[in-house]
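Engineer: Shown below is the structure under consideration.
We did not get these values from a lab; they are worked out from the coordinates using the rules stated. Because the structure is a prediction, the values reported are computed rather than measured. Note that we place each Cβ from the backbone using ideal geometry, even for glycine, and neighbour counts take in every protein chain shown.
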Amino acid sequence: MRVQQPKGVPEVSSSTAAATPPATASPLDDERDLFGVRSVVGAIGVLLVLTLFGVGLQALADSVRGSSGFTVGEPTAVSDTVAFVPAPGWINDPDQSVPGAAVVAQKNGWEIKIAAGLTLQPGQSLEDFARIFYDIPPDEPGSQVSDLETFTTTSGLTGVTWTVHGSTTTTTTWQIANGDQVTQVLAIGPSATLDSVQADLDAMAGSVTMENAAEEGQ
C-alpha cells in the first residue's frame with residue numbers, strides 16, 4: 001500500500017535517499033576534535049616523552065662525567081693519612097679498591113694500585129724494605145729489571161722506584177716513606193702501551209702525600 005503524501009511535500013524515493021551525500025564535518029567540529037580530551041591527553045603524553053628524553057640525556061651526560069669516581073686535579077684519599085691526585089682518564093675500580101687502605105684505577109689496559117699501611121721495622125731503611133720486593137724474580141722469563149732509584153715527591157717525601165720490563169707486561173713500583181710509614185704504588189700493564197701512560201704514572205706516584213701518623217697522635 002502506498003502512503004499518500006501530503007500536498008506540497010515532495011515524495012522522496014529510495015533512489016533519491018541513496019544519492020544524498022553524507023554530512024561533512026564543519027570547521028567547528030575540527031576545532032572541537034583538536035581540543036578534545038583525546039587530543040589533549042596525546043599532547044601531554046608526547047610532552048612527557050620529550051621531557052623524559054631530555055632529562056635522560058642530561059643524566060647520562062652527568063653519569064659519564066662522574067663515571068671515573070675521581071675529581072681530576074683534586075686529591076683522592078687512600079687512607080686517613082695518604083692521598084694522591086688522579087690523572088685525567090683514569091677510572092676508579094670499586095671492586096678492587098679498599099676504603100681506607102687502597103685505591104685501584106685503570107686506563108688503556110693499565111692498572112695502578114696505591115696502597116697505604118706498610119710499616120718499616122725498627123732500624124730498617126726504605127731501601128732495605130724495597131729490596132725485599134726488588135729481589136723477587138720476575139714472573140715473565142727474560143724480563144729486564146731496572147736499577148733501584150730514589151726520587152722525591154712534589155711534597156718533598158723520599159721514595160724509591162724500579163721497573164720490570166717484560167716482552168708483554170711491564171711493572172713499575174714506587175715506595176714512599178714518611179717516618180716508619182710506607183705507601184706503595186704499583187702499576188702494571190701491556191708493554192706496548194707503556195708510553196701512553198708513563199707520564200700519568202709518574203705524576204700520580206709523585207703526587208702522593210702522607211701525614212705522619214705518629215706525629216698526628218702526639
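Engineer: Over the Cα atoms of the stretch 118-173, what Rg and Dmax result, in angstrom?
Structural biologist: When restricted to Cα atoms, the stretch 118-173 yields Rg and Dmax of 12.9, 38 Å.
Engineer: Expressed in nm to one decimal, what extension gain is obtained for the pair residue 128 and residue 198 from 0.36 nm per residue of sequence separation less their Cα-Cα distance? Working shown, then result.
Structural biologist: Values: separation 70, 0.36 × 70 = 25.20 nm, distance 2.60 nm.
Full extension from residue 128 to residue 198 adds 22.6 nm.
Engineer: Once Rh is set to the Kirkwood radius over Cα pairs, what Stokes-Einstein translational diffusion coefficient, in µm²/s, holds for the stretch 158-218 at a temperature of 25 °C and a viscosity of 0.890 mPa s?
Structural biologist: On the way: Rh = 12.8 Å.
Rounded, D is 191 µm²/s.
Engineer: I've got another one for you. Taking the mean number of other Cβ atoms within 10 Å as a proxy for protection, how do you rank 94-106, 176-188 from highest to lowest? Could the numbers behind the result be given before it?
Structural biologist: Details: 94-106: 15.8, 176-188: 21.2.
Descending mean neighbour count gives 176-188, 94-106.
Engineer: Using only the Cα atoms of the stretch 91-214, what semi-axes does the equivalent ellipsoid have when each is the square root of 5 times a gyration tensor eigenvalue? Give whole Å, largest first.
Structural biologist: Details: eigenvalues 105, 66, 34 Å².
The three semi-axes for the stretch 91-214 are 23, 18, 13 Å.
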